[in-house]
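Here is the structure we will look at.
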Amino acid sequence: MPTTPPSLRPGDQVAIICTARKVSREELLPAVEILESWGLRVVLGESVAAAHHQFGGDDALRARDLQRQLDDPAIRAILVARGGYGTPRIIDLVDFSRFAQDPKWVAGFSDITTLNCHLLRLGHESIHGVMPFIFAQPGGADAVESLRRALFGEAISYAVPAHPLNRPGAAAGELVGGNLSLLQTLSGTPSDVSTAGRILFLEDIEEYLYSVDRMMVHLDRAGKLRDLAGLIVGHFTNPQDNAIPFGLSCYEIIDTYARKYQFPVAYGFPVGHEPANLALICGRRARLVVDAAGTALAYE
């Protein structure tokens, strides 16, 4: 079973860093205020306000900042400021041996799927959840609150309305997943994770429909779908199409491959690149129930 980092308590110190796209200190002020209102002390890492083209500093700086926060025993959680691209470039520059002796929460989504999967591969839970750059976005209060509950170890359960493509059933297993394009990118690398017996969740943004299909073909051919306990499909925001239409929506594409198997499938789950991005604990065992009333997800 993956290890669970200690829950946060008021007075704990947390770090905000950039492992991917750059962000300014000013852009993080609303998030700092929210975190401090939770009773936390906030440290901004070296990568915050650093810039190297689109990145929050060059690879060496971003890796150094991540390493520092992983190794510092005073830091009890690491929140990655924003996604974009860049985390796969630095993941192999980081040593997780000291972290393994004193695990702490790491949270983020999108490109941070890299960290979520790498940590699970190493045997540690982490949080797929909203990032500080967008804490104050309109309509995102529930997402921020769900992150707080996950960090502080409070009970979490979700109920989601039914979707026409849902396939009923019940499943139990550890949660794994995140951004579809990152999951494909990590396939075959030291950050790749097993999906067998687990509940996989997927989301993505601004991908071409044919590309979603190509990635689903890859996951299926790689055996990532065959032995799933269940599948959760989140937001596929602002999909793109070619001049000659692909002919299927993102959900219809995913259904093409999911229907080959017998596991329950829940569509329309509030996770991904939209304000409704509820925190999911990667590696935590959960129970998924999909029926006529909708979808229920709760940790066991």
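Could you state the accessible area per residue of the range 217-262 in Å², with a 1.4 Å probe and every protein chain left in place?
53 Å²
Starting from the Cα of D227, step 7 Å along the direction of its Cβ; do the same at M1; then give the gap between the two resulting points in nm.
2.1 nm
Which of the GluC sites (Glu not before Pro) found in the range 188-259 are in a DSSP loop and have at most 12 neighbouring Cβ atoms, other than their own, within 10 Å?
Passing both the DSSP loop test and the Cβ count: E206.
Once phi is turned into ³J(HN,Hα) by the Karplus curve 6.51 cos²θ - 1.76 cosθ + 1.60 with θ = phi - 60°, what whole-Hz value does each residue of the range 251-259 show in order, with x for glycine and proline?
Karplus-based 3J(HN,Hα) across the range 251-259 equals 5, 5, 5, 4, 4, 3, 8, 5, 6 Hz.
Rg and Dmax of the range 13-152 over Cα atoms: what are they, in angstrom?
Over the range 13-152's Cα set, Rg and Dmax evaluate to 13.6, 39 Å.
Could you check what % of the DSSP bridge pairs in the chain are antiparallel, to the nearest 5?
Around 40 percent antiparallel, to the nearest 5.
Can you pull the Kirkwood radius for the chain, inverse mean 1/r over Cα pairs, to one decimal in Å?
19.2 Å
Could you provide, to the nearest whole Å², the per residue accessible area of the range 13-152 with probe 1.4 Å?
Heavy-atom accessible area per residue stands at 37 Å².
Take each of the peptides 89-98, 265-274, average the number of other beta-carbon atoms within 10 Å over its residues, and list them starting from the highest.
265-274, 89-98
Just report the Cα centroid separation between the range 64-139 and the range 210-259, whole Å.
If we compute the Cα centre of each part, the gap is 26 Å.
Among G247, M215, V160, pick out the residue whose Cα is farthest towards the positive end of the charge dipole of the range 146-299, where Lys and Arg carry +1 and Asp and Glu carry -1 on C-beta, about the Cα centre.
Comparing the listed Cα positions along the dipole, V160 ranks first.
All other residues with a Cβ under 12 Å from the Cβ of E207 taken together, and with Lys, Arg as +1 and Asp, Glu as -1, what is their net charge?
-4
Rounded to two decimals, what is the ratio between the C-alpha radius of gyration of the range 157-299 and 2.2 N^0.38 Å?
0.97
Just in the range 52-156: which GluC sites (Glu not before Pro) are loop by DSSP and have at most 16 other Cβ atoms within 10 Å?
Sites meeting the loop and neighbour criteria: E154.
Quick one: what are the phi-derived ³J(HN,Hα) couplings along the range 32-46, Karplus 6.51/-1.76/1.60 with θ = phi - 60°, whole Hz, x for glycine and proline?
4, 4, 5, 4, 5, 5, 7, x, 9, 9, 10, 10, 8, x, 4
Just the Cα atoms of the range 241-300, one point each, no solvent: what log10 I(q)/I(0) does Debye give at q = 0.20, 0.23, 0.30 Å⁻¹?
-1.01, -1.17, -1.27
Given a 1.4 angstrom probe, I'd like the percentage of the accessible area of the range 157-299 that is carbon and sulfur, rounded to a whole number.
54 percent
What are the trypsin sites (Lys or Arg not before Pro) within the range 9-83 that DSSP puts in a loop, where the Cβ has at most 14 other Cβ atoms within 10 Å?
Hits after loop and neighbour filter: R25.
The values are calculated or read from the model by the stated rules, or taken from the named source; none is laboratory data. Since this is a predicted model, take the numbers as computed values, not measurements. Don't worry about glycine lacking a Cβ; one is built from the backbone with ideal geometry, like all the others, and counts go over all protein chains shown. We work out accessible area using only protein heavy atoms, side chains counted, and drop any ligands, DNA or RNA first. Shrake-Rupley method; radii C 1.70, N 1.55, O 1.52, S 1.80 Å.
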